[in-house]
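Scroll down for the structure; my scribbles are underneath it.
Laboratory data are not the source of any read-out in this text; all were calculated from the coordinates shown. Treat the numbers as computed from the prediction; the structure is a model and nothing was measured. All Cβ positions, glycine included, derive from the backbone under ideal geometry; neighbour counts span all protein chains shown.
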Amino acid sequence: MSQKLPNMLDSTIQKIREMVDVNSVIGDPITTPDGVTIIPVSKVSVGFGGGGSDFASKTSQENPFGGGVGGGVKVTPICFLIVKDGNVRMMPVAQPANSTTERLVEMLPDTLEQINSFIESKKTVKGE
């Protein structure tokens, strides 16, 4: 078996390591003039794969290799850590809804709260 595929995978993994470091997850702190420090926090997703084969030839004793490797990195912001006067606060980054179903699920708690408030207000009016 050819050693080209393991070499290709090693090369791809090395390139991904160069792209993704600790600063991809915990960003560089940003300090504002009034003394507030903001630290971005992200989620990093990495994926890669590869495959190949040695093709034997009837006319040659060499085994030509055919194959490929690919990879990708996705960085998604999660939140910001806000440091002010020794206190740390987390400000999450809301991801937008991708579908109607996700939007309905997001709206459900607020809708239930509004219905509950409406029912409580009717009970209060009847009780007076």
Report ³J(HN,Hα) in whole Hz for each residue of the stretch 41-50, in order, from the Karplus equation J = 6.51 cos²θ - 1.76 cosθ + 1.60 where θ = phi - 60°; Gly and Pro get x.
10, 10, 9, 10, 10, 10, x, 7, x, x
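Nothing charged except the Cβ atoms of Lys and Arg (+1) and of Asp and Glu (-1): what's the magnitude of the dipole of the chain about its Cα centre? Round to the nearest 20 debye.
Result for the chain is approximately 240 debye, rounded to the nearest 20.
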